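Report on the structure given below.
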Amino acid sequence: MDVIAWGLVPVAGMLVAATAAVLIVGLALKGTASRDRARVLSAVAEVIRAVRGRR
C-alpha cells in the first residue's frame with residue numbers, strides 16, 4: 001500500500017462510523033416523544049461506546 005492509502009483508510013473508517021451513528025440516532029428519535037429523547041440518546045450513546053470497545 002502506498003502512503004495515500006494508509007491515510008485514507010482510517011479516514012474512510014471514521015466516515016462510515018459517523019454515518020452509521022447519525023443514522024442510528026435518526027431512527028431512534030423518529031416518532032419519539034420529546035420527554036423521552038434524552039433517555040433514547042443516552043441509550044444510543046451507550047451502544048455506540050460498546051461497539052467502539054470503550055465499555
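Where a number appears in this text, it was derived from the coordinates with a stated rule and is not lab data. These figures come from a predicted structure and were not determined experimentally. So basically every Cβ, Gly included, is an ideal-geometry build from the backbone, and we count neighbours across all protein chains shown.
Go through region 15-48 and name the trypsin sites (Lys or Arg not before Pro) that are in a DSSP coil and have 10 or fewer other Cβ atoms within 10 Å of their Cβ.
Working: sites: 30, 35, 37, 39; in loops: 30.
Those that pass, being in a loop and sparsely packed, are 30.
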0 to 90° range, to nearest 10: angle between helix 37-52 axis and the chain longest Cα axis: 30
In degrees rounded to 10, the 0-90 angle between helix 3-29 Cα long axis and the longest Cα principal axis of the chain is 10
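Once every DSSP H run of n ≥ 4 in the chain is given -39500 (n - 2.57) and the sum is divided by its residues, what mean residue ellipticity at 222 nm do you get, rounded to the nearest 500 deg cm²/dmol?
Working: 2 runs with 43 residues, N = 55.
Theoretical 222 nm ellipticity from helices: -27000 deg cm²/dmol.
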For the chain, using Cα atoms only, the Rg and Dmax in Å read 15.1, 51
